[in-house]
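Please read the structure below before turning to the comments.
The values are calculated or read from the model by the stated rules, or taken from the named source; none is laboratory data. Quantities reported herein were computed from a predicted structural model and do not represent experimental measurements. Every residue, glycine among them, receives a Cβ derived from its backbone with ideal geometry; neighbour counts consider all protein chains shown. Ligands, DNA and RNA are excluded from the accessible area calculation, which covers all protein heavy atoms including side chains. Shrake-Rupley method; radii C 1.70, N 1.55, O 1.52, S 1.80 Å.
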Amino acid sequence: MSVAERAAGGGSGPEMQSSDDGIAFRCRSLAVDLGIADYKRRIIENLDIEVPRRQFVCILGESGVGKTTLLRVFGGLVPAAPGSRLELNGQAISGPPQGAVFVFQNYAGSLLPWRTARKNVELGLEETLPKAERQRRAMVALEQVGLADRANDYPRQMSGGMQQRVQIARALALEPRLLLMDEPFGALDAMTRENLQIELRRIHQASGATIMFITHDVDEAVLLADRLIVLRGKPAAVGLDIVSPLPKERDQITTKELPAFLELRHTIYEMLRGHGTRA
Ligand SMILES: Nc1ncnc2c1ncn2[C@@H]1O[C@H](COP(=O)(O)OP(=O)(O)OP(=O)(O)O)[C@@H](O)[C@H]1O
Ligand SMILES: [Mg+2]
């Protein structure tokens, strides 16, 4: 069976069930319009996806296709067009859902400059956790992104990549059920990026969070994902939707040597270059 034939089913019947069936996101005939009045444009149309809880989904597609827009719709920051059906855990999405955490594409300025790295990571925990517990969680998260030794530095003392890692630590410290990540490793050097990929995969396995992760890096997507979705077209729809055949345990060397890794990588590249057929 070829990789393309292992395409993920998007659900069969036209009717959606609202009972708890283990599906995190369900969208049917999703359409999204951006802009206003004469400048209004349809960015996404006829997009159907079902994402089971705990799945690690990577979203790919050429620049400007609508990846960030889709993530913002999932996060309740952008409304779907009338006629779309969009649910999170069986409920229509009408605003940012509880327990969802974003890591945005453009991190610049997202850290508070008057707070240290650790205090920035503690930001979302201050109302819910006592001081000792939130300090412990912040330190664990900084350790996970390789910045435990920079906990007392201020953002201005850190490089762009380090600031991005603090932002990722802040998201991890919240122990989210749903993590919406928009090119979170884009600003990182290759070595740090490779370490964080494996760390994020490990955190996902341990936490069981549902992760929607946008990337331009095909190798990163194939290494990380349980499921890969390529957006394509104008307006955008699902061009390819594949469940990864790779084993759950992954590393930078042996996983990338597996025939299934290379086959999947090949399929994704073909689709991104416009040679693939739509799933
Ligand atoms: N507020 C807006 N009003 C009108 N059009 C918009 C708005 N924001 C984004 N767009 C358009 O929507 C389309 C999709 O943008 P989006 O940011 O989702 O793309 P993307 O796939 O994330 O691209 P990239 O890989 O470059 O980040 C683009 O053509 C963009 O110009
Ligand atoms: Mg984007």
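Hey, can you find the accessible area per residue of the chain for me, probe 1.4 Å, expressed in square angstrom?
48
Taking the Cα centroid of the stretch 193-243 and of the stretch 68-83, what is the distance between the two, rounded to the nearest whole Å?
19
Report the relative contact order of the chain, percent, no decimals, based on alpha-carbon pairs under 8 angstrom and at least 6 residues apart.
25
What figure in square angstrom, to the nearest 10, would you give for the accessible area of SER244 with a 1.4 Å probe?
Ignoring ligands and nucleic acids, SER244 comes out at about 20 Å².
Of all accessible surface on the chain at a 1.4 Å probe, what whole percent is carbon and sulfur? Don't jump to the answer; show the numbers that get you there.
Details: 6770 of 13490 Å².
That fraction is 50 percent.
How high is the relative contact order of the stretch 130-279, in percent, counting Cα pairs under 8 Å that sit 6 or more residues apart?
17
Dividing the alpha-carbon Rg of the chain by 2.2 N^0.38 Å yields what? Please report the intermediate quantities before stating the final value.
Working: Rg = 18.9 Å, N = 279, 2.2 N^0.38 = 18.7 Å.
After normalising by residue count via 2.2 N^0.38 Å, the value is 1.01.
What's the magnitude of the charge dipole for the stretch 216-279 around its Cα centre, counting Lys and Arg as +1 and Asp and Glu as -1 at the beta-carbon? Answer in Debye, nearest 20.
360
What whole-number volume per residue, in cubic angstrom, does the convex hull of the C-alpha atoms of the stretch 109-175 give?
Hull volume normalised by residue count: 74 Å³.
Kyte-Doolittle cut-off -0.5, length cut-off 15 Å along the helix's own axis using Cα: show which whole DSSP H helices in the chain pass.
Once both thresholds are applied, what remains is 160-173, 259-272.
Where a Cα-Cα gap under 17 Å defines reach, which lysines qualify for LYS67, not counting those fewer than 8 residues away within the same chain?
LYS234
Where nothing but the Cβ of Lys and Arg (+1) and of Asp and Glu (-1) is charged, how large is the charge dipole of the chain around its Cα centre, in debye to the nearest 20?
It comes to approximately 500 debye.
Counting other Cβ atoms within 10 Å of each Cβ, which trypsin sites (Lys or Arg not before Pro) in the stretch 74-168 have at most 16 and sit in a DSSP loop?
Within the stretch 74-168, the qualifying trypsin sites (Lys or Arg not before Pro) (loop, at most 16 other Cβ atoms within 10 Å) are ARG115.
Note down the magnitude of the dipole of the stretch 109-175 about its Cα centre, charges +1 on Lys and Arg C-beta and -1 on Asp and Glu C-beta and zero elsewhere, to the nearest 20 debye.
The calculation lands at about 160 debye.
Just going by the charge dipole of the chain, with Lys and Arg at +1 and Asp and Glu at -1 on Cβ, which of GLY95, PRO130, PRO176 is farthest out on the positive end?
PRO130
Could you name the aspartates and glutamates in cross-link range of LYS131, using Cα to Cα under 13 Å and dropping any fewer than eight places away on the same chain?
Of all the aspartates and glutamates, those that pass the test against LYS131 - Cα under 13 Å, at least 8 places apart if same chain - are GLU122.
So what is the calculated 222 nm ellipticity per residue for the chain, using -39500 (n - 2.57) for each DSSP H run with n of 4 or more, over all residues, to the nearest 500 deg cm²/dmol?
Computed ellipticity for the chain at 222 nm equals -9000 deg cm²/dmol.
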